[in-house]
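A.B. asks: One structure is given below, represented as structure tokens, and several questions about it will come after.
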Ligand SMILES: [Zn+2]
């Protein structure tokens with residue numbers, strides 16, 4: 001007879017290490033396996049949905065005699081870094097989320113209803129030390145000028161990531177989480193697991209999707225606004241022309257164009273560049289000698305298309321000493 005431990009628990013729990021392994025977790029609703037959480041292997045028995053950043057291995061996991069049993073009325077179970085030193089068997093979970101590099105050993109899945117595993121790139125995972133973590137239910141995190149990454153694990157949580165100027169990673173794992181990213185000229189590598197999560201970025205961020213495993217997840221980028229491509233508006237061009245003939249140049253959004261006549265690309269922000277030779281009275285052309293032709297440009301071909309260079313708070317401090 002061994003000294004096996006049995007815990008009956010209710011609600012949301014976290015395995016923080018220290019339990020004898022192998023551990024058996026019975027009938028949890030949601031299981032979140034985070035980065036480097038299990039030093040041994042993982043066996044999933046009869047889970048409903050499995051969302052994974054790691055490919056299940058072909059190996060059978062034989063955990064041996066259970067040393068610790070965790071059961072009861074468990075809603076969410078979180079297994080953080082070093083949470084399980086050995087092997088864990090998860091029996092009868094509803095949703096299981098396996099984040100990047102969560103499991104050091106093998107992953108065996110038996111009797112799942114559906115496995116979502118879809119790694120799209122071979123980009124190496126892992127800064128490891130992230131700038132912010134949202135963990136749990138209805139959490140919100142905000143971080144400015146992150147250097148490594150942000151993770152959101154759980155449900156109905158939000159993350160605001162602003163002033164992104166360095167390449168970062170983003171892990172979104174769970175259900176109905178919302179992430180907003182703003183910044184310029186940086187790459188965000190996304191690991192997205194679960195369902196009904198939304199990631200939105202400003203223009204000028206490059207998104208690289210490493211893993212997209214699940215259903216009804218959305219990753220979208222706000223388009224470049226036409227105003228970013230216009231350097232002189234019609235009003236600005238007319239200003240200061242009180243009386244007399246002059247030639248002015250300005251740009252306007254070409255809202256009837258969804259492709260660019262100049263470069264041929266599909267474009268959101270097509271603008272037309274116009275030149276007018278006109279007689280002005282108090283900032284208005286009252287007679288046009290020549291309305292000129294139109295030329296076009298867009299966010300793909302305009303020299304003006306680029307992020308507005310604003311200094312981050314940290315850069316401002318550095319500049320200002
Ligand atoms: Zn163009």
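The values are calculated or read from the model by the stated rules, or taken from the named source; none is laboratory data. Computed from a prediction, not measured in an experiment: that's the story for all the values here. Backbone-built Cβ (ideal geometry, glycine too); neighbour counts: all protein chains shown.
A.B. asks: Test residue 211 against the criterion of being surrounded by fewer than 18 Cβ atoms within 10 Å (Cβ to Cβ) and out of contact with any helix residue (DSSP H, G or I) (no Cβ under 7 Å at 6 or more places or on another chain), and give yes or no.
C.D. replies: no
A.B. asks: If you check residue 303 against the conditions, is it away from the ligand (no atom under 16 Å from the Cβ) and at pLDDT below 85?
C.D. replies: The answer is no for residue 303.
A.B. asks: I've got another one for you. Specify which of the listed residues (289, 279) is farther than 16 Å from residue 233 by Cα, surrounded by 14 or more Cβ atoms within 10 Å (Cβ to Cβ) and more than 16 Å from the ligand (Cβ to nearest atom).
C.D. replies: It is 279.
A.B. asks: Being assigned to a loop (DSSP other than H, G, I, E, B), under 31 Å from the mean Cα position of the chain (by Cα) and closer than 20 Å to residue 135 by Cβ is the requirement here; does residue 82 meet it?
C.D. replies: yes
A.B. asks: Considering only residues of region 229-251 that are part of a loop (DSSP other than H, G, I, E, B) and within 16 Å of the ligand (Cβ to nearest atom), which is farthest from residue 291 (Cα to Cα)?
C.D. replies: Filtering first and then ranking leaves 229.
A.B. asks: Among the listed residues 40, 17, identify the single one that is out of contact with any strand residue (DSSP E or B) (no Cβ under 6 Å at 6 or more places or on another chain), modelled with pLDDT of 95 or more and farther than 23 Å from residue 194 by Cα.
C.D. replies: When all the criteria are applied, what remains is 40.
A.B. asks: If you don't mind, another one. Taking the options 265, 269, 254, 226, name whichever one is at pLDDT below 95, in contact with a helix residue (DSSP H, G or I) (Cβ under 7 Å, 6 or more places away or on another chain), on the phi < 0 side of the Ramachandran plot and within 16 Å of the ligand (Cβ to nearest atom).
C.D. replies: Within the list 265, 269, 254, 226, the selection yields 269.
A.B. asks: Here's a follow-up. Determine the pairs where a residue that is more than 30 Å from residue 244 (Cβ to Cβ), located within region 255-277, has a partner that is more than 10 Å from the ligand (Cβ to nearest atom) and in a strand (DSSP E or B) with Cβ atoms under 8 Å apart, the partner being 6 or more residues away or on another chain.
C.D. replies: 262/295; 269/253; 270/253
A.B. asks: State all residues of region 16-34 that are surrounded by 22 or more Cβ atoms within 10 Å (Cβ to Cβ) and not in a strand (DSSP E or B); if no residue qualifies, say none.
C.D. replies: Answer for region 16-34, where residues must be surrounded by 22 or more Cβ atoms within 10 Å (Cβ to Cβ) and not in a strand (DSSP E or B): 22, 28, 34.
Residues are listed down the side, and each one gets a yes or a no for (1) under 23 Å from residue 171 (Cβ atoms); (2) at pLDDT below 95; (3) assigned to a loop (DSSP other than H, G, I, E, B):
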position: 62; (1), (2), (3): no, yes, yes
position: 74; (1), (2), (3): yes, yes, no
position: 90; (1), (2), (3): yes, no, no
position: 115; (1), (2), (3): yes, no, no
position: 128; (1), (2), (3): yes, yes, yes
position: 135; (1), (2), (3): yes, yes, no
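A.B. asks: Just to be sure, is residue 57 farther than 28 Å from residue 150 by Cα and touching a strand residue (DSSP E or B) at 6+ places or on another chain (Cβ under 7 Å)?
C.D. replies: Taking the combined requirement at face value, the residue does not satisfy it.
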